[in-house]
Amino acid sequence: MRVIVTGSSGLIGSAAVRHWDANGSEVIGIDNDMRATFFGPEGSTRWNQSRLESETTHFRTAAIDIRDRDAIMDLFQNEPPDLVIHCAAQPSHDRAAAIPFLDFEVNATGTLNLLEATRQHAPDAVFCHMSTNKVYGDAPNELPLEERDTRWEYAREEDFDGIDENCRIDQTMHSLFGASKTAADVLAQEYGKYFGLKTGIFRGGCLTGSSHSGVELHGFLSYLVHVAVTGKPYTIFGYKGKQVRDQIECSDVVKAFEAFANNPRPGEVYNIGGGRNNSASVLECIDLIKQIGGYRVNFTLGEDNRKGDHICYISDLSKLRRDYPEWDIRVSLEEILSQMIAGEESKQA
């Protein structure tokens, strides 16, 4: 079996590489470290690429830019995959405003290049597209909320499980990142529904893990652990630090890809995040880091929230659990933080 993983040195991509390499598959990674272009040297994933290449058996990296249509077509023609895991992206809600052309070309055009290469050269392959909850824009903020001591919470009982796939994706503020990812999301759906390509679209909540190269503008929990361990200052952007996210460890995302690959439903969309049990506010995460690792976060509360940011976002996992009952969340938020603190401590040693 041949698997192509885009963004192979990143968080989800590297977890996918490890998973399918361990299964004995031939794994080709597409990664040219554009994260360093987006975020500077501290965002580089070269360290993770080197570690992957030293620790795997059937994996190699192709330093291809997914915007390079000819190079993508050549790769797919010469080495057609059985499975595509598409994780490469410009991932920052905020950074996109400063690099609008680059953001759209990577997220939308790059995705189109990969979909068309799959259609032309590997039409029987399964294509898992890593989308984002930012396709919903700020529509989730329209749900009635109530303020509690440490978090915002859904006010109505019917909203307890969170946001499902019926939430609208238009007539809402997305950020330019959300708009480019929406374009990619809809393209992936269309290649499934129109062409019959075996596409699955996974709208991620807060994706995280110890291999995340978190920076201030992307990778909230990873960056929060980094500043806690190193003693750096941290600014919380608005909402009194009570904004809620659901954290999912990267291996649980990969297991969802595997479930879909074994029984694909062309063009289907799934919300994927930590769900209710792995949800926490920024303030609650700061408290958990203190409880688990003994680190105090030196934070200040900023008055201005990020444009279009979610106040309370929990992924409703009902559809994914219904269609793939063998899948569920395996890694708790406490386990995620324990692994991340240990990983950050080893980097600083």
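Each value in this text was obtained by applying a stated rule to the coordinates, not by laboratory testing. As the structure is a computational prediction, the values presented were derived from the model and not from experiment. Cβ sites come from the backbone with ideal geometry, for glycine too, and all protein chains shown count toward neighbours.
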Discussion item. Report for the chain the percent antiparallel among DSSP-assigned beta bridges with both residues inside it, nearest 5.
Written reply: 15
Item to complete: Would you mind ranking His19, His310 by Cβ crowding within 10 Å, fewest neighbours first?
Response: His19, His310
Worksheet item: Sorted from fewest to most neighbouring beta carbons within 10 Å, what does the list Thr300, Thr150 look like?
Response: Thr300, Thr150
Worksheet item: With each label point set 7 Å from Cα along the Cα-Cβ vector, what nm distance links Thr235 and Arg296?
Response: 2.3
Worksheet item: If one computes the Cα centroid of the stretch 254-310 and of the stretch 48-84, what distance in Å separates the two points?
Response: 28
Worksheet item: So who's got an amide H within less than 5 Å of the one on Ile30, skipping anything under 5 residues away but keeping other chains? H placed 1.01 Å off N, in plane.
Response: Val5, Thr6, Gly7, Ser8, Ala62
Response to the item:
The residues Thr37, Thr109, sorted from fewest to most surrounding Cβ atoms within 10 Å, come out as Thr37, Thr109
Response to the item:
Only helices counted: for the chain, with every DSSP H run of 4 or more residues adding -39500 (n - 2.57) and the sum spread over all residues, [θ] at 222 nm is -11500 deg cm²/dmol
Worksheet entry | Sites Gln171 and Ser346, calculated FRET efficiency, Cβ-Cβ separation with R0 45 Å, nearest 0.05 | 0.45
Worksheet item: In percent, how large is the relative contact order of the chain, given Cα pairs closer than 8 Å and 6 or more residues apart?
Response: 19
Discussion item. Once R0 is set to 25 Å, what does the formula 1/(1 + (r/R0)^6) return for the Cβ-Cβ distance between Asn305 and Glu334, expressed as a FRET efficiency to the nearest 0.05?
Written reply: 0.40
Worksheet item: Thinking of the stretch 2-348 as a set of Cα atoms, what percent of all their pairs are more than 31 Å apart?
Response: 28
